[in-house]
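The values are calculated or read from the model by the stated rules, or taken from the named source; none is laboratory data. Not measured: the values here are computed from a predicted model. Every residue, glycine as well, gets a Cβ built from its backbone with ideal geometry; the counts of neighbours run over all protein chains shown. Accessible surface is based on the protein model in full, side chains and every heavy atom, while ligands, DNA and RNA are left aside. Shrake-Rupley method; radii C 1.70, N 1.55, O 1.52, S 1.80 Å.
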Amino acid sequence: MTIPATSPQQTSSSALDELGRDLRRGLESVRALAPAELAAHVLTAVMFVLLFAKPMRLLADAWWNDPNSGHGLLLAPLSLWFAYKSGVVEGARPQRALGLAIIIAAVLFRYASDLAAELFVMRGSMVMALGGLVVWHAGFRQLLHWWLPFTLVSLSIPIPEVILNTVALPLQFTASKIGAALLEWRKIPVLMNGNVIRIPGQELFVAEACSGLRSLTALLSLGVLLGAMFLQKWPTRLLLVLIAIPIAIVINGVRVFLTGFLVLFVSPEMGEGFMHTSEGMLMFGAAFFFTAIVAWVLSKGEGLVLRSTAKAGVA
Amino acid sequence: MFAPMAVLGLGVLLISGMREQHAVEPRAPMNSITKMMAGYEGRDMIVPEEERKVAGMTDYMMRVYGPDSLPAFTTYVGYYDKQVQGKSIHSPKNCLPGAGWEIMTSERVVLSPEYPDQLVNRVVLANRSARALVYYWYQGRGRISASEYSVKWELMRDAALRGRTEEALVRIVLPLPDRSDAGTNRTTEQDQLAKEIARSLRGEVWRAMPEWVS
């Protein structure tokens with residue numbers, strides 16, 4: 001899917017006009033529905049809300065209160081916007097049996113996850129049911145057409161802690177190793193013991209927050225978003241998302257190095273509190289910047305390849 | 001036309017009539033677990049009310065063994081009579097980092113060769129200059145498990161089929177005195193001690209856990 005680009009000439013008022021027109025058109029098509037069909041839609045929506053009220057509430061709570069999941073507040077409205085902008089794919093046909101099978105599976109997951117007190121599956125079942133409804137109404141092609149909103153919403157669901165920690169430990173070690181190597185490069189004596197880096201008179205802990213994971217899901221979402229907006233081919237989009245992972249790790253290794261350096265040469269207070277958090281935000285900004293640069297380079301490369309392929313085709 | 005509504009509606013009925021989980025009392029209070037472990041007599045420790053609320057256990061035993069100045073080890077058994085959303089066992093892997101401990105190494109080990117399928121978690125932790133060796137596992141409903149994933153699966157299965165979710169988290173913590181020992185082979189002595197305590201605790205917890213016929 002390519003997001004329809006807004007041309008520079010378009011003003012915000014014309015975008016609003018367009019939205020207003022679409023809303024009016026939508027209302028007219030709702031009025032044109034047969035009463036039974038309208039009742040079916042309304043009742044389906046009511047049942048959906050009743051069934052998924054709990055995961056919806058818990059997800060909103062996580063977005064609002066958990067600093068690791070805050071990006072969901074941005075991703076959810078963005079997803080709605082992208083779904084609206086990309087609209088319905090040409091030749092969309094309902095696939096009733098497949099759609100119903102997905103909805104049934106979602107309901108079973110919803111039930112089972114409640115029994116197992118498993119939040120991730122419970123929240124995931126909600127996205128799955130939405131996917132099932134899309135397939136039931138407009139087919140699998142429409143679901144693929146809406147891959148971006150669905151991916152963004154999925155990325156806004158907090159990863160289960162068990163998985164987060166399984167991934168966090170190796171990431172922590174990698175960030176520690178990079179940090180230690182950089183400190184050694186600056187001729188600072190370093191002794192690494194697991195995840196703890198000892199420098200003269202100080203001990204640095206590479207906490208979970210420094211592992212890169214706090215920013216990793218946000219960076220992955222950014223990679224998906226930039227890929228959808230600026231890249232045209234799936235392999236390059238995937239490459240961008242994959243490159244976002246080492247960027248997060250390396251940036252956090254640099255953060256460990258900077259913390260060690262500042263703690264040693266400026267003040268031990270640089271390793272904690274406000275300074276440490278500000279440094280973290282600065283580093284996330286850097287990761288954001290580098291991911292955007294990679295997206296730009298990939299889009300240029302993609303353009304070159306596409307042009308040369310087109311030329312070859314003409315020749 | 002009404003099919004999605006019907007399926008979602010059935011889902012609403014399913015969750016509203018969801019099998020109620022039984023709160024299952026332990027056969028014996030966790031504090032009845034013997035205080036003698038590896039030649040030491042344990043002293044009971046109190047978990048503050050606030051922490052108990054966060055952890056959500058319905059019964060527990062926490063003990064410290066050895067001299068006050070340098071305890072040889074501590075043991076903890078947290079019992080949950082039923083597990084529901086917001087009141088279920090938290091993996092120590094999630095809780096310990098929050099308490100300032102860093103996980104240095106994490107692996108699974110066999111406690112005794114006669115039960116090769118009963119694995120427990122072995123974790124080496126660091127907090128500033130302090131190091132600790134932790135053994136922990138999940139015990140209940142007829143099995144011992146180290147894997148957070150299989151525990152979730154079994155919880156779901158037993159909740160759906162039997163309406164039972166009672167379980168205990170069992171944890172042993174031993175200090176590692178020499179910081180340079182952390183994560184190296186020189187922890188062998190502490191590992192042997194941990195295994196001895198774990199074997200004894202495993203039997204004691206079975207004695208206190210509710211009956212389970214598979």
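The figures follow:
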quantity: Per-residue mean of C-beta atoms belonging to partner chains within 10 Å, peptide A:101-109; calculated: 3
quantity: Added length on full extension, which subtracts the Cα-Cα distance from 0.36 nm per residue, B:Ser106 to B:Ser147; calculated: 13.6 nm
quantity: R0 of 56 Å, Cβ-Cβ distance A:Asn65-A:Val305: FRET efficiency to nearest 0.05; calculated: 0.80
quantity: Label-point gap, in nm, between B:Val84 and A:Ala286 - each point 7 angstrom along Cα→Cβ; calculated: 4.8
quantity: Contour minus Cα-Cα distance for A:Arg141 and A:Arg24 (0.36 nm per residue); calculated: 39.5 nm
quantity: Rounded accessible area per residue of the stretch A:47-124, 1.4 Å, Å²; calculated: 50
quantity: Charge dipole (the stretch A:65-173, unit charges on Cβ, about Cα centre) - positive-most of A:Ala117, A:Leu148, A:Gln95; calculated: A:Gln95
quantity: Anisotropy class of the stretch A:73-177 from Cα gyration tensor, a/c 1.5 cut; calculated: oblate
quantity: Burial ranking of peptide ranges B:167-173, A:75-81, B:3-9 (average Cβ count within 10 Å, highest at the top); calculated: B:167-173, B:3-9, A:75-81
quantity: Shielded by partner chains, the stretch B:100-138 residues - at least 20 Å² of accessible area, 1.4 Å probe, vs chain alone; calculated: B:Glu102, B:Ile103, B:Met104, B:Arg128, B:Arg131
quantity: Label-point gap, in nm, between B:Arg162 and A:Lys233 - each point 7 angstrom along Cα→Cβ; calculated: 5.6
quantity: Mean Cα-pair separation over length for chain B, i.e. relative contact order, pairs under 8 Å, 6 or more apart, %; calculated: 24
quantity: Computed FRET value (nearest 0.05) for A:Ile293 with B:Glu196, which takes r as the C-beta separation and R₀ as 51 Å; calculated: 0.35
quantity: Mean Kyte hydropathy of 0.5 or more with a Cα span along the axis of at least 18 Å, helices from DSSP in chain B; calculated: B:3-16
quantity: Peptide A:42-53, shielding by other chains (average Cβ, 10 Å cutoff); calculated: 5
quantity: Tail fraction, Cα-Cα pairs, the stretch B:2-91, threshold 17 Å, whole percent; calculated: 64
quantity: Inter-label distance, nm, simple model (7 Å from Cα along the C-beta direction), A:Arg57/A:Leu191; calculated: 5.3
quantity: Partner chain coverage, peptide A:115-128 - average Cβ within 10 angstrom; calculated: 4
quantity: Accessible surface buried upon A-B contact (total; probe 1.4 Å; Å², nearest 100); calculated: 3800
quantity: Amide H within-cut-off set for B:Thr105, under 5 Å, with H built and near neighbours excluded; calculated: B:Val124
quantity: FRET efficiency, B:Asp117 to B:Ser16 (Cβ-Cβ, R0 45 Å, nearest 0.05); calculated: 0.70
quantity: Cα gyration tensor, chain B - rounded (a/c under 1.5), prolate or oblate; calculated: prolate
quantity: Of all accessible heavy-atom area on the protein assembly as shown, the percent that carbon and sulfur account for (1.4 Å); calculated: 65
quantity: Shape category assigned to the protein assembly as shown from the gyration tensor of Cα positions, a/c cut at 1.5; calculated: oblate
quantity: Per residue value of the accessible surface for the stretch B:1-84 (all protein chains in place, 1.4 Å probe), Å²; calculated: 54
